[in-house]
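The values are calculated or read from the model by the stated rules, or taken from the named source; none is laboratory data. Everything numeric in this text was worked out from a predicted model, so none of it was measured. A quick note on method: Cβ atoms are made from the backbone with ideal geometry, for glycine too, and the neighbour counts reach across all protein chains shown.
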Amino acid sequence: MRIRHHVNPLKLEFLVPRTPQVPIPPGKEVELELGCADAQFLFQRAAQDPGRVELGVEIREDLVRDVNRRARALGLNVKAIFANANVDLRFLLEPGTIARIFVNFPDPWFKRRHRKRRVIDRDLIVACHEALRPRGEFFFQSDVWDLALDAMSVIEAQEERLENLAGPWSFWKEPNPYGARSLREELNEQEGKQIWRMLFRKRDEADEAIEGRARGIRAP
Ligand SMILES: C[S@@+](CC[C@H](N)C(=O)[O-])C[C@H]1O[C@@H](n2cnc3c(N)ncnc32)[C@H](O)[C@@H]1O
């Protein structure tokens with residue numbers, strides 16, 4: 001089967017939100033990877049804890065079909081959703097429900113004119129913050145320095161929403177803490193490439209502070 005290498009997320013068909021809200025089973029821990037591709041990372045997470053629900057958002061429909069077929073065959077709690085993370089995320093999930101969000105090796109879109117196609121932007125971070133449960137985690141990793149730096153500046157600008165667990169403007173120095181490897185991560189590690197990681201946590205007081213600021217009230 002032919003699988004496309006890239007899909008332009010700014011094509012009109014991907015700019016119209018169309019994916020219905022994903023039901024979140026009560027009492028289950030739910031994790032989400034944006035741009036999951038073959039979902040290797042999610043399958044490994046699901047194998048660690050079969051009680052958890054692993055969701056992946058992916059813009060290439062053929063990959064979504066493959067992942068869901070494999071999940072059924074293996075009996076693992078992994079579900080891929082065909083959607084554009086940048087357009088659909090805020091409609092996809094009930095607010096405050098996701099324990100962890102992972103962005104593993106998003107497409108680099110190196111050229112300057114492609115900058116606006118990058119996955120990490122302010123609206124995506126606001127949507128992730130809304131989807132996360134209190135103290136939920138947001139993890140990012142990339143082997144592309146420019147992209148990682150760009151993502152850091154976007155996320156640090158939202159520091160009232162997400163706290164950088166390595167300290168402000170710092171990359172996560174430890175290895176990946178989740179005991180699972182995405183395919184890109186595995187290949188990069190095999191090649192000995194440097195990987196830039198960041199780990200953030202939703203601030204407890206975030207909703208209150210943001211709401212207060214909107215009403216012109218400053219936190220003490
Ligand atoms: C470089 S691959 C990395 C895949 C996987 N996370 C890994 O680390 O092996 C990036 C994936 O993100 C998907 N993607 C890019 N932009 C997206 C968007 N706006 N919404 C959903 N998926 C997207 C691409 O189709 C691709 O499968």
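Residues checked against (1) within 13 Å of the ligand (Cβ to nearest atom); (2) surrounded by 13 or more Cβ atoms within 10 Å (Cβ to Cβ); (3) without any contact (Cβ under 8 Å) to a residue 60 or more places away in the chain:
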position	(1), (2), (3)
A157	no, no, yes
R161	no, yes, yes
R181	yes, yes, no
E189	yes, yes, yes
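Evaluate the range 84-92: report whether one residue or more is buried (at least 21 other Cβ atoms within 10 Å of the Cβ), touching a Lys or Arg at 6+ places or on another chain (Cβ under 8 Å) and modelled with pLDDT under 95.
yes
Would you call A148 touching a residue at least 24 places away in the same chain (Cβ under 8 Å), more than 16 Å from the ligand (Cβ to nearest atom), surrounded by 13 or more Cβ atoms within 10 Å (Cβ to Cβ) and within 11 Å of M198 (Cβ to Cβ)?
no
Give the number of residues within the range 20-39 that are at pLDDT 90 or above and within 16 Å of the ligand (Cβ to nearest atom).
The number of residues fulfilling the criteria is 9.
Consider only pairs whose beta carbons are under 8 Å apart and that are at least six residues apart or on different chains; among these, list those whose first residue lies in the range 54-78 and is closer than 20 Å to Y178 by Cα and whose second residue is assigned to a helix (DSSP H, G or I) and of a type in the set (K, R).
E54/R45; V78/R70
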